[in-house]
Amino acid sequence: MKYFSVLVLSILALCACKSPAPKQQEALPSNSVFNLTSQWQNQDGDTLQLQDLNGKTLVVVMIYTSCKSACPILVAKMKKIESKISRKDIDKVSLVLVSIDPETDTPEHLKEFAKTNGMDEKQWVFLRSNEEATHELANVLAMKYKKISPIDFSHSNIISVFNPSGVLVSQEEGLEINVDGVANTVAKTVKGS
Amino acid sequence: MKKVSAVIVLGFLSLVCCNKPQEKSFPVANEHHELKKVNTSVKMVYIPGGAYKPFYGADSAWVTVAPFLLDERPVTNKEFLDFVTANPSWRKSKIKSLFSDSTYLHDWPADLELPPNANPNAPVCYVSWFAAKAFANSVGKRLPTLDEWEFVAMADSVSINARSKPGYSDYIISLYLQKNRQFNPVKLSTPNYWGVYNMFDLIWEWTDDFNSILTTSDSRVGEYDDKGLFCAGSATSATDILNYAAFMRFALRTTLRANYTVANLGFRCAKDSIMK
Amino acid sequence: MKMKQLLFGMSVALSAALFSCTTQSNKEEWPAGGINMEATGEPEVAEVTGAPKVPAPVGNRGPKKWIVNLVTTEEEGIIADTIPYTFWTFNHTVPGSFIRIRVGDEVTLNLKNEANSVLPHNIDLHAVTGPGGGAAATTSAPGKETSFTFKALNPGLYVYHCAAPPVPMHIGNGMYGLILVEPEGGLKKVDKEFYIMQGDFYTKKSAIKEGLMEFDNDKAVAEQPDYVLFNGKKGSMLGANMLEAKVGETIRMFVGNGGPNLTSSFHVIGEIFDNVYLEGGTTVSHNIQTTMIPAGGAAIVEFKVEVPGEYVLVDHSLSRAFNKGAIGKLKVTGDANPKVFKASSLTKE
C-alpha cells in the first residue's frame, strides 16, 4: 500500500508540471480519502466535506480533547511536527485533528481547545462529524477506537500524512513517533505536489 | 455497541450532569444519496437483547444489548449481484481502491456475473467492510455491532447462552477448521435458539465496529496494559481465555482492515428494532 | 525487550553491582554481536529446507541481505499410521522450513497466509530483536501477505513459531521451525547435518468430518498429549526414513522443541554427544549423554559415529518415546570397530 501510494505520488509529481494546484473538478484518485462524502464541522462551526481540504498536504490525527493519557502526547507531537515545517511551506499544509468524541467536542469546545493549546493559526483544522462518519474515517486510517465509558475512549495512536489529492503517503503508529521523519515526509510531499 | 454506548451516555447525562446541553450531537445526518435502494426478502429475526459479558473487556464489564433485528442468514451471492446491478459504483471494475483491496469479488468473471460454479444462495465473500456497509444501507439496514453479533453467537439450538456448556466452543472450532465451507448455500444447517442460521458454519462475518478491539494482533502483549499503544488498556484483556472459538473470531477481527476482502469473510445485516 | 534478555540484563547488572563497582562495559558480558556489521549487496532469496534437511552452511562469507519467503497453511496430513490430522504449517511442513543465516545478515521476511486459510497467522522468530519477534508486524488475514525486516544480532539456534491467538493451538498444530544464525566464520565443518524438531500433539475426533483428528484444547491445557513426535509424524525417522551416516563421519543435529508444553530430554541411545551448544547458544559443553531442550528452545548436538548400527533418537522421558512416538533412528553403516565396541558372540555359561 505504501509503495502504491509512493507510486501514485510520483505519478502525480510527474503530472504536476501541467497543473500545479489540483482543482476540485479533476477526477479524484481512486484511493483518495476525499472519496468519503461525509459532512464535517470545523472549529468555526462551518460545515464541510473532506474534499474541501484538498490542495494542501494533510497531517491527520484522531483524538478526543478530554483524553488525559495518550492524546496530549499526540497533540504535542502534532505541534512539534508543525514547528518543524518551514514557514514558507506552512500555507501549503493543514494539520487536522479529528475528534472521536463528537458529542463532547463541539465546534465551540474545539475552538477553545485550539486556543488553549496555541493551535489557533489557520493551518490548524479541527473536525467532528457524527459517529458513523467518524467511524468510517477511522477505518480508512486503520485506526481503532472504542468508547469504554461515558468519558473515555480506547484508541490507537496514528499520525497520517496525505498528499494534496488526499492519497495516503505515510503513517506512523505509537507514541514514540519520529516527528522529524513526519516533518520530512511533509516537506517532500509539499515539494512533490 | 453504538446503542449500548448511547444508552450509557444517556443514562450518564440524565443521572450525573443534567446541566449538560443535550443537542450536542452533530446536526447533519449523512445521507447515502448515492445508493440506489435494493429490495431484499431475507427474514429478520427479533432479538430482545439483554446483558452479556463480552469476550474482551474488564472482568466485571457486562454490556446490555438493546433489542434489534438481525438477518436470519448471511447475504448471498445473488443478493449482492442485485446490489451491484443497481449500484454501478460498487461493481468490481468500478469500486474505488479506497474502499477495497485488489481481490474484491475475486472469483467473479465480470461485473454482473457470478462465478460459473458458484451457488447463488451461498454467502457472498471477498467483500470489504465498506462494500458490506453500502449494501446494508441500500437495503435500509446496517451492519450488526460486535456486541450484537456476539450476543446472538452465545446461543446454541436450545438455549440463549450456551457458553458454559461443555463442548460448545469445541463444536464451533470443529466447524471453523473445515475449509471451503463458504461455497455451501445458506440455511441448510440447524438454526440457533433465535432462529438465526449459519453463525459459524459458513463464513466469518463483518461487524460494524470490528476495529474496536484494542489489543495488538500479538495477543501475548495485548493481555497486558500498554499505555504506549492504547489508552485505557485495562479494557483490552480476555475474560474467557478458554473460549477458543471466540478467541479465534477476535483474532481474525484484529487482523482485518476495512478495505480487506477475504475468501471466507462475508456479512449479514441488522436493524434497530422499533418494538420495545 | 524480550524476557530472556531482560532477565539476562538484570542478572548481569546485579553481578556487576555485586562484584566490581569499577567494571565498564565488558566484551564478554555484552558481545558486540552483529549490530555494527554491514550487510552488503542486493537482497537474494534464501534457500530454506524441510526437515531433516538443512540449507548449505554460510561458511566464510560476510553479512548479506536476504529475502525469506514463508507461506502459512492449514492442511490435512498424516500424524500417525493412517490417521489424518489438520496441521497448520509454515511452508507446508511440520516443522516449518529451516532458515540459515549468519550474524549481521539482514532478512526481509515475507509471510503469506494462503487464501484458503480459515485463520490469521503470524511469525515470532526468537532470533529477532524487536517487538514480538515480528509477530504483530506479520499478522496476516487469510490471503494477505505481510513483511518485516530484521538484523540478526546474536548467533545461535532459535525457534520460530506462530503467535496468533490462541497461541498454544497454533503451535500445537505444528506452526514452528528453526532459524540458525551462524557466528562470523561459520560453524566448523562436519560431514552430516540434520534438522529435528520435537512437538507435543493433542488430538480428538472432528465433530464434523469422520476419521479426521484435530486439536483438543482440554488435553492441551492439561498437558496430556496423545503424541510426542519428531518432525510432526510418527515414524518420520524410522524405516525408509531413517537418518543415515557412515562410520567415521561427524554428525551435527539441530534439535528444536516447538512444544507447546513439554520439555524434551533429548538422547541418542548408544552415543555420547561430543559437543552440545547448550540451549542453542554459544556455550559448548562436552561429553553429554542427554540434553534438555525446553519448549521454545533448541540445542545443537555433535558427535562422531565410530561403530555401525542403528542409533535410536529419543525423548528420554521414555513413555513419550515408546508410547507416544518420540523416537527416530540414525543408521550408521561401515566396518565394525571392535576396538570401540565388540559384542561377544557366545553367551556366557
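Coordinate-derived values only; no laboratory data. Everything quoted here is computed from the prediction, not taken from an experiment. We place every Cβ from the backbone using ideal geometry, glycine too, and count neighbours over all the protein chains shown.
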Under 12 Å Cα-Cα from A:Lys84, which aspartates and glutamates qualify once same-chain neighbours fewer than 8 residues away are excluded?
-> A:Asp180
On average, how many beta carbons from a partner chain sit within 10 Å of the beta carbon of a residue in C:292-303?
-> 0
Give the long-range amide H neighbours of B:Val63: residues separated by 5 or more places, or on another chain, with amide H under 5 Å away, using H modelled in the peptide plane at 1.01 Å from N.
-> B:Tyr52, B:Lys53
Dipole of chain C, positive end: most advanced residue of C:Asn69, C:Pro294, C:Leu109 [Cβ charges, Cα centre] = C:Pro294
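Expressed as a rounded percentage, what relative contact order does chain C have, with Cα pairs under 8 Å and six or more residues apart? Don't jump to the answer; show the numbers that get you there.
On the way: 906 pairs, mean separation 48.8, N = 349.
Answer for chain C is 14 percent.
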Under the Kirkwood approximation applied to all pairs of distinct alpha-carbon atoms, what is the hydrodynamic radius of the stretch C:90-176 in Å?
-> 13.1 Å
Shape box of the stretch A:33-192 [Cα atoms, principal axes, largest first, Å] = 43, 32, 29
Under 5 Å, built H, 5+ apart or other chain: amide partners of C:Tyr160 = C:His126, C:Gly177, C:Leu178, C:Ile179
Taking the convex hull of the alpha-carbon atoms of the stretch C:113-252 and averaging its shadow over every direction gives an area in square nanometres of 11.5 nm²
Rg and Dmax of chain C, Cα atoms, in Å?
-> 21.1, 72
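Taking neighbour Cβ counts within 10 Å as the exposure measure, how do B:Ile274, C:Ile35, C:Ile300 sort from fewest upward?
Values: B:Ile274 7, C:Ile35 12, C:Ile300 24.
Sorted ascending by nearby Cβ count, the order is B:Ile274, C:Ile35, C:Ile300.
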So who's got an amide H within less than 5 Å of the one on C:Gly297, skipping anything under 5 residues away but keeping other chains? H placed 1.01 Å off N, in plane.
-> C:Asn257
For the stretch A:172-188, just list the computed ³J(HN,Hα) in residue order, Karplus coefficients 6.51, -1.76 and 1.60, θ = phi - 60°, integers in Hz, with x standing in for Gly and Pro.
-> 10, 10, x, 8, 9, 4, 7, 5, 5, x, 5, 4, 4, 4, 4, 4, 5
Under a GNM of chain C (C-alpha, springs under 10 Å), which listed residue has the highest mean-square fluctuation: C:Phe254, C:Phe303, C:Phe201?
-> C:Phe303
Take the cross-link list B:Lys37/B:Lys96; C:Lys53/C:Lys324; A:Lys77/B:Lys141 and give me the ones stretching past 29 Å between alpha-carbons.
-> A:Lys77/B:Lys141
Options A:Ala138, A:Leu168, A:Thr189, ranked by Cα towards positive dipole end of the stretch A:131-193, top entry (Cβ charges) | A:Thr189
Inter-centroid distance (Cα atoms) of the stretch C:75-92 relative to the stretch B:70-97, Å = 37 Å
Residue order, fewest to most surrounding Cβ atoms within 10 angstrom, among C:Glu306, B:Glu205, A:Glu132 | C:Glu306, A:Glu132, B:Glu205
Quick one: of A:Lys79/A:Lys191; A:Lys79/B:Lys271; B:Lys36/C:Lys112; C:Lys112/C:Lys209, which pairs are farther than 31 Å apart, Cα to Cα?
-> A:Lys79/B:Lys271; B:Lys36/C:Lys112
How large is ³J(HN,Hα) for each residue in the stretch C:122-128, as worked out from phi by the Karplus curve 6.51 cos²θ - 1.76 cosθ + 1.60 (θ = phi - 60°), to whole Hz, x for Gly and Pro?
-> 8, 9, 10, 9, 5, 7, 9
When only Cα pairs under 8 Å and 6 or more residues apart are kept, what is the percent relative contact order across the stretch A:33-192?
-> 31 percent
What aspartates and glutamates sit close enough to A:Lys122 to cross-link, taking a C-alpha to C-alpha distance under 18 Å and skipping anything fewer than 8 places away on the same chain?
-> A:Asp44, A:Asp46, A:Asp52, A:Glu82, A:Asp89, A:Asp91, A:Glu108, A:Glu112
Within the set A:Lys144/C:Lys65; A:Lys147/B:Lys43; B:Lys92/C:Lys144, which residue pairs have Cα atoms separated by over 28 Å?
-> A:Lys144/C:Lys65; A:Lys147/B:Lys43
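At a 10 Å Cβ-Cβ cut-off, how would you order C:Ser319, C:Ser264, A:Ser38, fewest neighbours first? Intermediate values should be presented prior to the final figure.
On the way: C:Ser319 10, C:Ser264 31, A:Ser38 18.
Arranged by neighbour count, lowest to highest, C:Ser319, C:Ser264, A:Ser38 become C:Ser319, A:Ser38, C:Ser264.
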What is the dipole size for the stretch A:35-193, taken about its Cα centre, with +1 at each Lys and Arg Cβ and -1 at each Asp and Glu Cβ, in debye to the nearest 20?
-> 600 debye
When a/c is below 1.5 the answer is rounded, else prolate if a/b is larger than b/c, else oblate, so apply that to the stretch C:248-345 with a ≥ b ≥ c taken from the square roots of the Cα gyration tensor eigenvalues.
-> oblate
How large is ³J(HN,Hα) for each residue in the stretch C:270-276, as worked out from phi by the Karplus curve 6.51 cos²θ - 1.76 cosθ + 1.60 (θ = phi - 60°), to whole Hz, x for Gly and Pro?
-> x, 10, 10, 6, 5, 9, 10
